[in-house]
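Report on the structure given below.
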Amino acid sequence: MSKMNRSVLLAIFGLAFIVINPADAASSKIGILVFDGFLTSDVTAPIEVFGAATRKAQFSSYEVVVISASKNKEVLSEEGLRIVADKTIYDDLNLDVLIVPSAYEMDVFLKNKDLIAYIKRQSQTASWMASNCSGAFLLGEAGVLDGKKATTWAGGEAGLLKSYPKIKVQFDQNVVVDTKVITSNGGPVSYQAAFVLLAELSSEKFAKEISESIQFSSLRNAFK
């Protein structure tokens, strides 16, 4: 084989590698919304769970993206954790999943027309929508939960039902799944919700593997 023929073949194989190399494939994006005053574990729990999952080959096509609800990417949680978001709701970004957190004072966010429009727009194309704690009120305001079973923070279910009577509010349930939407009580339950969502996106076996890898599964003995 001549040097020219070898060069041509190498060029062809090199091009084929570039085209089919999984590392170069477009990622499915898991967006986690943040805003000033968000409750820390509502955000850090899914970041930890899905961050660990994306390091595994079978989930490497997913990418975790933190999205600010304002044009300012730097936000501060209720508990003092400062986060610099990757994107804002004003960026052109198509999500496979959007996870919405909570805050002690939700009125300012419920009245934010740009934020509600963003949630509604993403819900039209995303495979899954999710909320932790009172983030369910944002999904409710955007109409995402109409006709669906859902929950919110423990003790806030009656308020959710009063504000959004089209929602089939579930009481005394940590996590509720209904038609590509997951809602949870939030706080530490945000971990449980993240694993439920991970199982839906992959498998229960893989979700259990990640649970064990970050030592979450050992919590069943935490108070013995």
Would it be correct to say that V175 is more than 27 Å from D91 (Cα to Cα), in contact (Cβ under 8 Å) with a residue 12 or more places away in the chain and not polar (S, T, N, Q)?
-> yes
Quick check: anything in segment 59-73 closer than 23 Å to V189 by Cβ, aliphatic (A, V, I, L, M) and surrounded by fewer than 17 Cβ atoms within 10 Å (Cβ to Cβ)?
-> no
Under 8 Å between Cβ atoms, at least 6 apart or on separate chains: pull out the pairs that start in segment 200-220 with a residue that is in contact (Cβ under 8 Å) with a residue 60 or more places away in the chain and under 21 Å from I30 (Cβ atoms) and end on any residue that is among the acidic types (D, E) and assigned to a helix (DSSP H, G or I).
-> I214/E48
Among the residues of segment 77-104, write down those that are surrounded by fewer than 13 Cβ atoms within 10 Å (Cβ to Cβ), of a type outside the set (F, W, Y) and closer than 25 Å to V177 by Cα.
-> N94
Only one of (1) out of contact with any Pro (no Cβ under 8 Å at 6 or more places or on another chain); (2) surrounded by 14 or more Cβ atoms within 10 Å (Cβ to Cβ) does not apply to A194, and that is (1)
Residue match in segment 48-64 (condition: of a type in the set (S, T, N, Q), in a strand (DSSP E or B) and either touching a Lys or Arg at 6+ places or on another chain (Cβ under 7 Å) or at pLDDT 95 or above (or both)) = no
Applying the selection to segment 156-172, what residues are assigned to a loop (DSSP other than H, G, I, E, B) and modelled with pLDDT of 95 or more?
-> G156, Y164, P165, K166, I167, Q170, F171
Quick check: is even one residue across segment 138-155 of a type in the set (A, V, I, L, M), surrounded by fewer than 15 Cβ atoms within 10 Å (Cβ to Cβ) and within 21 Å of K71 (Cβ to Cβ)?
-> no
Residue that is surrounded by the most Cβ atoms within 10 Å (Cβ to Cβ) [pool: residues in segment 26-52 that are of a type in the set (A, V, I, L, M) and out of contact with any strand residue (DSSP E or B) (no Cβ under 8 Å at 6 or more places or on another chain)] = V49
State whether one or more residues within segment 177-184 are at pLDDT below 95, of a type in the set (V, I, T) and over 13 Å from the mean Cα position of the chain (by Cα).
-> yes
Do we find a residue being more than 20 Å from the chain's Cα centre (by Cα) and either without any contact (Cβ under 8 Å) to a residue 12 or more places away in the chain or closer than 24 Å to Y62 by Cβ (or both) anywhere in segment 133-143?
-> no
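The values are calculated or read from the model by the stated rules, or taken from the named source; none is laboratory data. Please read all numbers here as calculations on a predicted model, not as lab measurements. All Cβ positions, glycine included, derive from the backbone under ideal geometry; neighbour counts span all protein chains shown.
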